[in-house]
Amino acid sequence: MGYFSDNELPFTRDNLDGFLRLPASDPGRQAAERWMQDHHAAAPTDNLRSEFLEFETDLYFRIVSSAIPKADPNHLYLGSRFHGQALHDPELFRAASKCAGVVSVNVYGIWQLDSETTATWERESGKPFIVTEFYAKGEDSGLPNHTGAGWLVHTQDDRGLFYENFVLALLASRACVGWHWFKYQDNDPDDPHAEASNKDSNKGIVDRCYKPYDPLLARMRDLNRKRYGISDAIDSADVHAITREGVTRPTLGSLFLATSPRWVSQLPVSSR
C-alpha cells in the first residue's frame, strides 16, 4: 500500500520555543530565527507557535514525500503516524494534506474515536485516515502488563469487545480506510533487548509461543468478515437519521456494542 516516513514524531506547539533555545550555531535555531524575522516577531505567541508548527510539519512532509517516489513511484506516502496531542492539532492535518495520500494516526487512551475528531481530520486534510496502532491488554494472559499505552481489560473476550467497539466507530466515520492492531505477538518478558514500552505486556493476537488468543480472534474474525455489510447498515437511512439528530459517536458505538454479537452474526458475509 505505501510507506510511513516515521513514527510519533514530536510535532508540538512548543517546538518554536525549543528551536529558539538551541545553540546559536544550530541550523534549527537559525531557521526558526529567520522565520521569526519574516513574521516581524520578537517573541513567540500562541498564534505564532501554531503557525510555526504548520510550517515545520509542511516542510518535513514536502521533503520526505518528494524523496519516497524517487525510490518507489508505485506506492502511497502514508504520513508519519500522529499520536497524542497531535491528534487534536488541525495544523498537522492541513500540512499532511498537501503531501500524504492517507493520514496515519496511533490512537490510545480512548475506547473509540468520536465523530467530531474524525470529521476534523477529514475536513482539515481532505484525505482518508488509517489507524496504525491501537490495542487492549488482558489480565488473564499471565503477563504483568506494566508497559505499553493500551487499555487493560479483564479477559481476552473483553479485548475482542474493545476491538468491536473501536472498529465500529471507524466504520461509522466513513473516512477510515484501515486499521492495524498493535501488535501480532505478545511482549517477551525474558528479552533483555526489549525497548521500554514493549517489555511485559499482552499486546498480541498470539502469545510469545505463537499460541492464538481464540476469544479475541473470534470477535475480530467475525467483524472483519462482515465489515462491508456493517458499512452498508451504517449507511442506511435509520443510522443517517440518528447521526443527523446529533447522537454522538460514543452513544452510537455503545448501541452497536450492546447488540453486535447478535447483530454482526446476522449480517451476510460480503464478497467485496
* Asked: Taking amide H positions as placed 1.01 Å from N in the peptide plane, with prolines and chain starts having none, which residues 5 or more places from residue 153, or on another chain, fall under 5 Å of its amide H?
  -> 137, 138, 139
* **Cβ-based exposure ranking for 216, 152, in which fewest neighbours within 10 Å come first** => 152, 216
* To do: With an 8 Å cut-off on Cα pairs and a minimum separation of 6 or more residues, tell me the relative contact order of the chain in percent.
  => 15
* To do: Give the whole-number value, in cubic angstrom per residue, of the convex hull volume spanned by the C-alpha atoms of the chain.
  => 172
* Proxy reagent accessibility, fewest Cβ within 10 Å first, across 107, 206, 64 -> 206, 64, 107
* Calculate one ³J(HN,Hα) per residue across region 17-29 by plugging θ = phi - 60° into the Karplus curve 6.51 cos²θ - 1.76 cosθ + 1.60, and present them in order as whole Hz with x for glycine and proline. => 4, x, 5, 6, 8, 5, x, 4, 7, 6, x, x, 5
* Asked: For region 25-168, what is the charge dipole size about the Cα centre, in debye to the nearest 20, if Lys and Arg each add +1 at the Cβ and Asp and Glu each add -1 at the Cβ?
  -> 500
* Just the Cα atoms of region 1-133, one point each, no solvent: what log10 I(q)/I(0) does Debye give at q = 0.09, 0.13 Å⁻¹? -> -0.29, -0.58
* Structure fact -> Exposed-loop cut sites defined as GluC sites (Glu not before Pro) in DSSP loop states with at most 16 other Cβ within 10 angstrom; longest site-free run of the chain spans 9-194
* Can you list the lysines whose alpha carbon sits under 18 Å from that of residue 203, skipping same-chain ones fewer than 8 residues off? -> 137, 183, 211
* In whole angstrom, how far apart do the alpha carbon centroids of region 129-156 and region 101-120 sit? -> 18
* Once the Cα atoms of helix 156-173 and of the chain are each reduced to a long axis, what angle between those two axes, in degrees from 0 to 90 to the nearest 10, is obtained? -> 60
* To do: At most 12 other Cβ atoms within 10 Å plus a DSSP loop assignment makes a site exposed; report the longest stretch of the chain without any exposed chymotrypsin sites (Phe, Trp or Tyr not before Pro).
  => 1-183
* **At 1.002 mPa s and 20 °C, Stokes D of region 68-195 from Kirkwood alpha-carbon radius, µm² per second** => 134
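Every read-out reported here was derived from the displayed coordinates using simple, explicitly stated rules and does not represent laboratory data. Note that the coordinates shown come from a computational prediction; the quantities given were computed from them, not determined experimentally. Cβ sites come from the backbone with ideal geometry, for glycine too, and all protein chains shown count toward neighbours.
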